[in-house]
Amino acid sequence: MTLNNDLSGLRVVVVHAHPDDEAITTGGVLHHLATRGADVNVVTCTLGEQGEVIGETWQQLVNGDADQLGGFRIHELLSSLRILGVSGCFLGGAGRWRDSGMVGDPANDHPRSFVRSGEEAEDKLVGIFTALRPHLVITYGPDGGYGHPDHIRAHEITHGAAGRVEGIQRILWAVTGRADLKAGLAAISAVPTGWRSAGDEELACQDRVDFALELDDRDYHAKVESMRAHATQLWIADGSVSETNPHAAFAEVTDRAAAPVVFALSNLIAQPVMRREHFQLGAGTALPADAQGPADGLQW
Ligand SMILES: [Zn+2]
């Protein structure tokens with residue numbers, strides 16, 4: 001099978017709930033597609049205002065204090081998108097919808113919370129799809145990947161809007177494949193001081209993986225750097241420090257292939273940055289049965 005390295009003309013729109021989701025779940029594929037010439041746009045639905053903050057530098061920006069985290073995270077997102085080589089916009093413009101927080105969070109009831117975005121959010125996405133005319137759309141599955149209400153809402157409006165425009169050939173759902181996650185977690189032999197290991201089944205993952213994209217060194221590096229750009233949200237355990245988080249963390253790993261880099265969210269559960277990104281086919285034309293990724297001839 002020949003490898004088609006020219007994806008110019010392919011238009012891709014990726015719908016994410018919060019700044020940092022684009023890096024964690026799809027950073028590798030975004031860089032991969034953009035590097036091969038595809039036109040890639042990331043639509044982010046909220047500013048991630050309900051996030052916690054890692055490191056003391058910007059601690060008082062959180063929603064319970066200054067409530068300025070959303071504005072700050074715009075800059076983290078812009079850095080991430082620049083590293084990945086893709087374009088981006090906020091659904092309805094920056095600040096139109098607010099991070100809803102987890103299930104039961106009082107933020108669910110905020111008048112601008114994304115879970116209450118109703119028809120307007122879908123209409124705005126129809127406008128974006130109409131303008132950008134994507135062939136491929138990427139978002140999450142019906143459970144939002146791990147149950148976050150904003151991720152579920154992103155899934156809903158993506159499928160709703162996709163049904164109202166012509167030309168979308170395929171919707172992919174970004175998931176975490178169970179086998180790779182288990183191997184990656186098993187490879188972490190010592191977590192950084194103050195962090196902890198994931199409990200059994202604590203991290204959401206899927207048995208069904210319709211295809212996995214193996215990240216080459218450049219895609220993997222870009223993904224890690226785009227994650228690092230979200231320093232209020234993500235801590236990379238490779239000894240690096242930043243203005244946001246001046247504390248170095250070190251993880252010990254027995255199998256570098258399964259967990260080349262280790263990171264944590266603000267819950268400080270050590271997780272592998274896996275070498276592959278996993279997807280399920282959400283709608284549209286099926287992938288070739290033997291598709292393992294573009295290197296094996298996958299027609300995006
Ligand atoms: Zn998110």
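Assorted remarks:
- Surface analysis of segment 142-279 yields an accessible area of 44 Å² per residue, using protein heavy atoms and a 1.4 Å probe.
- Interchain or long-range residues, amide H under 5 Å from Ala17's placed H: Cys45
- Dipole magnitude for the chain: about 540 debye, using +1 per Lys or Arg Cβ and -1 per Asp or Glu Cβ, origin at the Cα centre.
- Scanning the chain for DSSP H helices at least 18 Å long along the axis (C-alpha atoms) with a Kyte-Doolittle mean no lower than -1.0 picks out 21-35, 69-84, 118-132, 149-162.
- Computed over the chain, relative contact order equals 22 percent, with contacts defined as Cα pairs under 8 Å that lie 6+ residues apart.
- Using a cutoff of 8 angstrom between alpha carbon atoms and counting only pairs six or more residues apart, the relative contact order for segment 6-110 works out to 30 percent.
- A 1.4 Å probe over all protein chains sorts Lys182, Lys223, Lys124 by accessible area into Lys182, Lys124, Lys223, starting with the largest.
- Over all pairs of different C-alpha atoms in segment 22-114, the reciprocal of the mean inverse distance, the Kirkwood hydrodynamic radius, equals 14.3 Å.
- Interchain or long-range residues, amide H under 5 Å from Phe211's placed H: Phe279
- Equivalent ellipsoid semi-axes, segment 56-108, via Cα gyration tensor eigenvalues times 5, rooted, Å: 22, 16, 10
- Residue-normalised accessible area of segment 1-92, expressed per residue, 1.4 Å probe, Å²: 38 Å²
- Near Gly282, the amide H atoms lying under 5 Å from its own belong to Ile171, Leu172, Trp173; only residues 5 or more places off or on other chains count, and H is placed 1.01 Å from N.
- Relative contact order (%) - criterion: Cα under 8 Å, at least six apart; region: segment 145-286: 37 percent
- Net charge of Cβ neighbours under 10 Å - reference Arg73; Lys, Arg +1; Asp, Glu -1: -4
- Whole-number D in µm² s⁻¹ for the chain, Kirkwood Cα-pair radius fed into Stokes-Einstein, 25 °C, 0.890 mPa s: 127 µm²/s
- Look at the Cα gyration tensor of segment 71-138: its axes a ≥ b ≥ c give a/c of at least 1.5 with a/b at or below b/c, and that counts as oblate.
- Shape of segment 142-300, Cα gyration tensor, a/c cut at 1.5: prolate
- With helices as the sole contributors, the chain gives -9000 deg cm²/dmol at 222 nm; each DSSP H run of n ≥ 4 counts as -39500 (n - 2.57), and the sum is divided by every residue.
- The alpha carbon gyration tensor of segment 111-185 gives principal lengths a ≥ b ≥ c with a/c of 1.5 or higher and a/b no greater than b/c, which makes the shape oblate.
- Computed with a 1.4 Å probe over protein heavy atoms only, the accessible area of Thr57 comes to about 60 Å².
- Protection-proxy order for peptides 162-172, 12-22, 136-146, 43-53, each taking the mean of Cβ atoms within 10 Å per residue, highest first: 12-22, 43-53, 136-146, 162-172
- Converting the Cα gyration tensor eigenvalues of segment 7-66 into ellipsoid dimensions via √(5λ) gives semi-axes, longest first, of 31, 12, 7 Å.
- Rule-of-thumb Rg ratio for segment 104-147 [Cα; 2.2 N^0.38 Å; N residues]: 1.44
- Between segment 108-187 and segment 39-89, the Cα center-to-center distance that results, in Å: 18 Å
The values are calculated or read from the model by the stated rules, or taken from the named source; none is laboratory data. Please read these numbers as outputs of a predicted model, since none were measured by experiment. A quick note on method: Cβ atoms are made from the backbone with ideal geometry, for glycine too, and the neighbour counts reach across all protein chains shown. Heads up: the accessible areas ignore ligands, DNA and RNA and are worked out on the full protein's heavy atoms, side chains in. Shrake-Rupley method; radii C 1.70, N 1.55, O 1.52, S 1.80 Å.
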